[in-house]
Every structure is written in C-alpha cells, then in structure tokens.
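Let me begin by presenting the structure, written as structure tokens, before commenting on it.
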Amino acid sequence: MQVPLVVALIACAISQALGAGVYTQRFLDQYSKIHNASNGYFSKEGIPYHSVETLMVEAPDHGHETTSEAYSYYIWLEAMHGALTKDFSSFNTAWETMEKYIIPGHQDQATNSFYHADKPATFAAEQDLPSQYPSPMESGVPVGHDPIADELKSSYGSPDIYGMHWLQDVDNIYGFGNAPGVCEGGPGTAGPSMINTFQRGPQESVWRTIPQPTCDSFKYGGKNGFLDLYVGDSNYAKQWKFTAAPDADARAIQGAYWAGQWAKAAGKEAEVSATLAKAGKLGDYLRYALFDKYFKKIGQCFNRNTCPGGTGKDSAHYLLSWYYSWGGATDTSGGWAWRIGDGSAHFGYQNPLAAYALANDPALKPKSPTAADDWTKSLERQLEFYAYLQTQEGAFAGGATNTWNGRYDSPPANLTANTFYGMVYDWEPVYHDPPSNQWYGMQAWSTDRLAQYYYVTGDAKAKALLDKWVAWVLANTKFDGDKYELPSSLEWKGIPASYSGGAPHVNPDLHVTITESSADVGIAASTARTLAYYAAKANHTEAKTAAKKLLDGMWTLYQTGKGVAGKEVRKDYNRFAEKVYVPSGWTGKYPNGDTIDSTATFITLRSFYKKDKDWAKVEAYLNGGPAPEFTYHRFWQQADVALAQGAYGLLFNE
Ligand SMILES: *[C@@H]1O[C@H](CO)[C@@H](O)[C@H](O)[C@H]1NC(C)=O
Ligand SMILES: *[C@@H]1O[C@H](CO)[C@@H](O)[C@H](O)[C@H]1NC(C)=O
Ligand SMILES: *[C@@H]1O[C@H](CO)[C@@H](O)[C@H](O)[C@H]1NC(C)=O
C-alpha cells in the first residue's frame with residue numbers, strides 16, 4: 001500500500017511545483033472530476049462512455065454506448081494532462097484502451113486475406129428513404145482499383161485494418177455480445193460489444209435506425225440476421241463489417257501530435273514514441289477516407305454505369321470523408337472481403353493539423369511509401385475546400401460530393417456549373433434529418449483544428465480563412481456579465497463558385513443566416529479554443545478577450561458536481577414513439593426478445609429503456625406532459641471544456 005501513496009504524493013508535489021495558473025488549474029480540476037470514479041464517466045474496463053447519463057439519444061442511441069469520438073477526446077485529454085504533469089503514462093494508457101477495445105483485432109476481421117484490390121466492393125445504390133431498402137447489389141456497375149491495400153499489407157505485414165469502428169455498446173445493453181474476438185456471444189458476454197446503426201440513406205436519423213451487431217452470425221434478427229434489411233441479394237453469408245468515422249481517427253492523431261510536442265518540451269519523447277508510431281499507423285489506414293466510395297474516378301461522376309473506376313490515385317478526392325468501411329465473410333475457409341471509401345465530404349470533418357502531422361512529423365510518419373505524399377496533398381486540398389465553402393459572412397457551408405444522391409446520379413445544372421475538382425456542392429452532405437450542417441458545432445470543431453494548424457505553421461492561407469471566420473463569430477457572440485450566447489443553428493443560401501485551387505477564392509453567392517443561439521458548453525469550449533489559438537498566433541486582442549469571457553462564463557455559470565453542463569429541454573424525445581420502417585413480412589428478434597417487425601417503433605426496439613431511471617420523464621411527455629429536461633455530461637463536451645481551459649492557460653501562461 002505504501003508505494004501508491006508515495007507516488008500520489010510525488011504527483012501532487014509535481015503539479016504544485018509546476019505552479020498551475022488559473023486556467024491550467026481549471027483543466028486539472030475538470031480532469032479530476034472526469035476521472036473521479038463516483039462520477040461515472042468510465043466503464044470498469046476504463047472505456048469512456050458517450051455520457052454519464054444512460055437515457056440519451058442523439059447520434060448514439062444510448063448514453064452508455066461509446067464512440068470513436070469519445071476515445072479520441074480521451075486521448076487528447078490525457079495528452080494535455082501530460083503537458084501539465086510531465087507524466088505521459090495516462091496518454092499511453094488511453095491509446096492502449098482504444099486499441100484494445102475499438103480497433104477490431106485479427107479475430108474480428110479474420111478474412112481480409114481474401115480481399116482483392118481490383119474489386120474492392122460490389123455497388124449498391126443509396127436510397128432516399130429507409131422504406132426503399134433493401135437496396136439491390138448491382139454487380140455490373142464499374143468500380144475502381146484500391147491503390148493502397150498492397151502497400152498497407154506490406155508495410156505492416158498483415159491484411160488487417162488498423163482503424164476505429166465508430167460505435168460500441170459498452171454495457172452490452174442490446175445483448176449481442178460482440179466483444180473482442182467474439183461473434184454474437186449473447187447477453188452474458190463480458191466486455192464491450194461492437195454494434196452499428198445507420199445504413200439506410202440520408203433520412204435515416206437515429207430515431208429510424210435498427211441497431212445491429214457488427215458480426216452477424218444469424219443468431220439474432222431474422223433468418224438472415226439483419227443483412228436483408230439493407231442489401232438485396234439472392235442469398236446471404238454470415239459476415240463481419242466495421243465503419244470508421246474519420247474525424248475521430250484524425251482527432252486521435254491530433255491528440256498524439258500534441259502529446260509528442262508536449263513530451264518533447266518536457267524531455268520525455270521516449271515515453272510516447274511507441275504510441276506516436278501507432279498514431280502514424282492509424283493515419284496510414286485513415287487514407288481510405290480520402291477515396292471515392294467505390295474507387296471511381298473523381299470529377300463529373302454523374303452516371304454510375306458510365307463513370308469509370310479509378311486507376312492509380314485518380315479515385316482520391318484527398319478530403320476526410322464521412323466514413324470508410326470494411327467487411328468480410330466469417331467463414332475463414334471460403335472467404336471474401338470488401339472495402340469502401342466515401343465520395344462525400346463535409347468541411348466539418350476536415351483536420352488540417354492531423355494531415356500536417358502525418359505529412360511532416362517524423363515521430364508520426366506512416367510506414368507506407370506513398371502515405372506522406374497523400375497527406376501532403378490532403379492538407380493542400382483541405383485548405384482549398386475551406387476556401388471553396390466559405391460564405392461572404394465567414395462561416396463555412398456544407399461540403400461536396402462525387403456521388404450525388406449516393407448513387408452517382410446527375411446533379412441539377414446549378415451544381416454541375418460550380419464544382420470543386422469536379423465534385424458538386426452539397427449544403428447537407430450525407431444526412432438530412434436534421435441537415436448535417438445546421439449545427440453550429442461543426443464550425444467550432446473544424447475551425448479549432450484549422451486554428452491549431454495555423455498556430456503551429458503560421459500558414460497565411462489558414463490565416464486568411466480564419467480572419468474572416470473569427471470576424472463572423474466575434475460579431476455574433478453576445479456577452480452580458482457572465483452570460484454568453486453563441487450561434488447554434490444555421491441556414492444556408494446560394495452556391496459556391498467553381499474552384500480547383502490556385503488564386504484566392506471568393507463566393508459572392510453563398511450566405512449563412514443564424515436561426516438560433518445557445519450557451520452550450522461544448523461548442524463554447526471549442527469556440528474559445530479556436531479563438532485562443534488564433535489570438536496567440538495573430539496577436540488578436542479581441543479574440544483573446546472573447547475566449548477568456550467564454551471560459552470564465554461557462555466556469556461560473558455551469559458548474560455541476562460532475563463537470564460543467566447546462567440544462568437541455570429535449571423536445572425531440574417525442575420521437576421515442578416514432579415508427580421505424582421494417583419491410584412488411586420481415587420479422588426478427590433482439591437478444592432480449594424484443595420483436596422487430598412492421599409495427600416497430602423506436603421504443604419497441606429498445607424495451608430496456610423502460611427500466612431506465614429517467615424513463616418516467618419521457619413517458620410523461622409521450623402522454624402529453626411537458627418536454628423532459630436533462631443535464632447531460634457528455635464525455636466529449638466535458639473533455640472539450642477541460643481542453644479549452646487548459647489550452648488557454650498553456651498559450652497565455654495564465
Ligand atoms: C469524487 O466525487 C465524490 C462525489 O461527488 C466526492 O465526494 C469526492 O470528494 C470526489 N473525490 C475526489 C478525489 O475529488
Ligand atoms: C439548384 O437547382 C435546383 C433545381 O434544379 C433547386 O431545387 C435548388 O434549390 C438549387 N440549389 C441552390 C443551392 O440554389
Ligand atoms: C500585439 O498587439 C499589441 C496591441 O494590440 C501590441 O502592443 C504588441 O506590440 C503586439 N505584439 C506583437 C508581438 O506583435
């Protein structure tokens with residue numbers, strides 16, 4: 001017992017010796033709330049939950065699920081903890097936890113050796129509505145060549161993919177029991193369980209999804225497991241499949257980059273070098289996000305039958321797209337495997353700092369021979385993408401796609417006349433319920449990375465984009481004592497002018513309107529951090545003052561026992577009663593016995609919610625009462641608050 005006590009006393013002495021300022025001390029305070037076991041942020045395995053609270057529906061459909069997003073924030077949080085304590089062991093632990101639980105192990109993707117880079121996947125069209133699924137496989141549609149599979153395999157001596165799956169049922173509440181190395185072990189299985197939700201087009205919000213296991217052995221669901229809800233085929237094979245959320249993998253790399261910089265400053269580079277090499281490996285595989293979904297050629301890809309498959313790298317748009325996915329048969333004797341990228345990119349997912357780090361930082365250098373070159377191109381293309389999408393006012397509009405409607409349809413003429421490297425503008429890439437660029441948070445998240453990139457490099461292109469964005473956000477942030485208000489919902493008008501790089505870009509016909517404001521602590525934190533990095537490099541007093549006021553305001557007004565959080569009224573929780581489309585005649589079961597058929601609603605597919613301690617509030621609302629109120633502690637928000645306070649403290653020595 002003596003050793004831990006001594007270690008704790010030394011750690012305590014170190015943190016005092018460092019003479020934390022007001023803001024770095026706030027980081028440490030918030031950090032200890034997040035790590036206080038009685039606050040419930042982590043599972044017994046040490047996995048960060050999406051939120052402390054269990055009754056929680058937004059992108060995940062339960063608070064004790066987790067996402068690759070939460071793991072990426074955890075890694076970044078521990079990197080900054082290292083900066084302040086000069087001890088990077090918890091950063092290494094965060095990466096190990098991520099690797100162990102949310103990067104599929106070999107057992108979970110055992111048939112990659114059957115993958116053919118010349119035929120990455122069979123085309124199936126995305127449909128407009130969930131009710132148009134299953135979508136048939138169309139083997140006649142040309143697909144391209146996967147130009148990175150071979151070099152990845154030889155760089156790492158394995159055909160397996162090193163990428164985070166995006167969603168995990170940490171408490172195995174659905175009961176699939178897809179724990180590491182286990183396929184549908186069932187409700188009694190220990191450990192987190194990999195699941196997936198969205199798979200039926202842009203109108204399939206969380207309220208309309210049918211959660212399913214990543215490894216489908218037909219034990220649950222219908223006679224073909226869950227497969228025939230999505231893809232129409234003549235027969236179905238048992239299979240596994242995973243989907244990465246590229247912004248999260250990029251954020252983990254960004255956190256590792258900072259860990260490297262801070263460790264270097266503390267003379268502790270050797271402590272983190274093995275983890276940084278793994279971050280470089282994650283970035284090597286993350287290149288799948290830079291390619292079109294079916295590796296078709298980028299640009300004017302307006303007909304699925306005539307748009308050709310790519311050769312070499314001409315299927316790369318070099319942007320961080322919405323996902324990449326991989327899967328295969330579970331039968332290791334007669335296997336097959338597939339991979340897809342994504343032809344749609346949202347500005348909100350871009351991460352120029354991660355691209356810069358992968359292209360330039362020797363500690364993070366991916367092993368594959370063409371990886372640094374790909375990330376160099378990606379960095380340039382991302383900066384051009386921001387320019388293409390910047391409104392007159394300064395905010396950034398949606399994104400661009402190589403696959404209109406998710407099936408290479410011919411876009412309207414106003415869009416084909418104004419392309420980005422031959423891709424067309426999309427004001428709401430990928431999902432429409434709600435529109436994917438309505439939430440102001442995308443602005444704060446993405447410009448934060450742009451500002452950090454600018455802080456590190458001083459790149460004038462990044463500065464020009466930020467000058468305009470910062471002016472917009474400063475003009476639209478209101479303060480009244482400790483109170484603050486930021487934009488929260490945005491609307492878009494017009495179309496960007498064509499751009500394929502080169503001269504500075506202007507968009508006379510692209511506009512944003514702010515339709516709602518809020519004091520949300522998570523996006524206030526991201527905004528404050530953006531302003532702080534920008535102010536530190538550009539010597540911009542007004543941005544620095546606004547950052548400080550946001551940080552002080554949230555700290556004064558929104559302290560809870562568990563962190564920093566405000567109340568939310570969830571009017572959307574009437575959608576617990578919303579109908580979920582299941583084809584007529586299709587019937588299946590969840591592990592707990594819940595029936596899946598054409599009478600399904602959100603709650604009938606999730607009867608476990610009726611046992612939740614907060615269910616009564618939702619039930620009362622469904623029966624005509626007031627909309628329920630929650631004070632949520634989301635892991636990403638709480639980490640974001642800590643990281644914003646700490647970054648301000650580190651940048652300004654306060
Ligand atoms: C952890 O949280 C509990 C409950 O809020 C509190 O009583 C306790 O003092 C905290 N522990 C530490 C080490 O801060
Ligand atoms: C482009 O044209 C289509 C009709 O062809 C129209 O519905 C759409 O609103 C236009 N887009 C923009 C952004 O103006
Ligand atoms: C930063 O700006 C202030 C005025 O706002 C000025 O006094 C100071 O010299 C500037 N510092 C640098 C390093 O440019």
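Values in this text are rule-based calculations from the coordinates and carry no lab data. Computed from a predicted model, the values in this text were never measured in an experiment. Using ideal geometry, Cβ is built from the backbone for each residue, glycine included, and neighbour counts are taken over all protein chains shown.
Consider segment 115-143. How many of its residues are in a strand (DSSP E or B) and either surrounded by fewer than 16 Cβ atoms within 10 Å (Cβ to Cβ) or out of contact with any Phe, Trp or Tyr (no Cβ under 6 Å at 6 or more places or on another chain) (or both)?
Residues in segment 115-143 being in a strand (DSSP E or B) and either surrounded by fewer than 16 Cβ atoms within 10 Å (Cβ to Cβ) or out of contact with any Phe, Trp or Tyr (no Cβ under 6 Å at 6 or more places or on another chain) (or both): 5 in total.
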Filtering segment 41-69 down to residues that are touching a helix residue (DSSP H, G or I) at 6+ places or on another chain (Cβ under 7 Å), in a strand (DSSP E or B) and not polar (S, T, N, Q) yields Pro48
Of Ala475, Ala471, Ala538, the only residue that is away from ligand 2 (no atom under 16 Å from the Cβ), touching a residue at least 40 places away in the same chain (Cβ under 8 Å) and within 23 Å of Trp439 (Cβ to Cβ) is Ala471
Apart from one, (1) away from ligand 2 (no atom under 16 Å from the Cβ); (2) under 27 Å from Trp472 (Cβ atoms); (3) of a type outside the set (Phe, Trp, Tyr); (4) buried (at least 24 other Cβ atoms within 10 Å of the Cβ) all hold for Ala357; the odd one out is (2)
In the set Gly398, Gly422, Gly394, the lone residue that is surrounded by fewer than 20 Cβ atoms within 10 Å (Cβ to Cβ) and more than 16 Å from ligand 1 (Cβ to nearest atom) is Gly422
In segment 389-416, anything free of Cβ contacts under 8 Å to residues at least 40 places away in the same chain and small (Gly, Ala, Ser) is listed as Ala413
Next on the checklist: Residues that are of a type in the set (Asp, Glu) and either assigned to a helix (DSSP H, G or I) or under 30 Å from Ala59 (Cα atoms) (or both): does segment 328-350 have at least one?
Outcome noted: yes
Of the residues in segment 189-201, those that are touching a helix residue (DSSP H, G or I) at 6+ places or on another chain (Cβ under 8 Å) and either buried (at least 22 other Cβ atoms within 10 Å of the Cβ) or part of a strand (DSSP E or B) (or both) come to Pro192, Met194, Arg200, Gly201
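Table: residues versus (1) of a type in the set (Ser, Thr, Tyr); (2) in contact with a helix residue (DSSP H, G or I) (Cβ under 7 Å, 6 or more places away or on another chain).
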| position | (1), (2) |
| --- | --- |
| Ala577 | no, yes |
| Tyr581 | yes, yes |
| Gly593 | no, no |
| Ser598 | yes, no |
| Lys610 | no, no |
| Trp615 | no, yes |
| Ala620 | no, no |
In segment 406-418, anything away from ligand 2 (no atom under 13 Å from the Cβ) and either surrounded by fewer than 20 Cβ atoms within 10 Å (Cβ to Cβ) or of a type in the set (A, V, I, L, M, F, W, C) (or both) is listed as Arg407
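Determine whether Leu319 is outside any helix (DSSP H, G or I), touching a residue at least 40 places away in the same chain (Cβ under 8 Å), in contact with a Phe, Trp or Tyr (Cβ under 9 Å, 6 or more places away or on another chain) and closer than 18 Å to Gly280 by Cα.
Judged against the criteria, Leu319 is a match.
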By residue number, the members of segment 242-281 that are without any contact (Cβ under 8 Å) to a residue 40 or more places away in the chain and either farther than 12 Å from Ala363 by Cα or touching a Pro at 6+ places or on another chain (Cβ under 9 Å) (or both) are Gly267
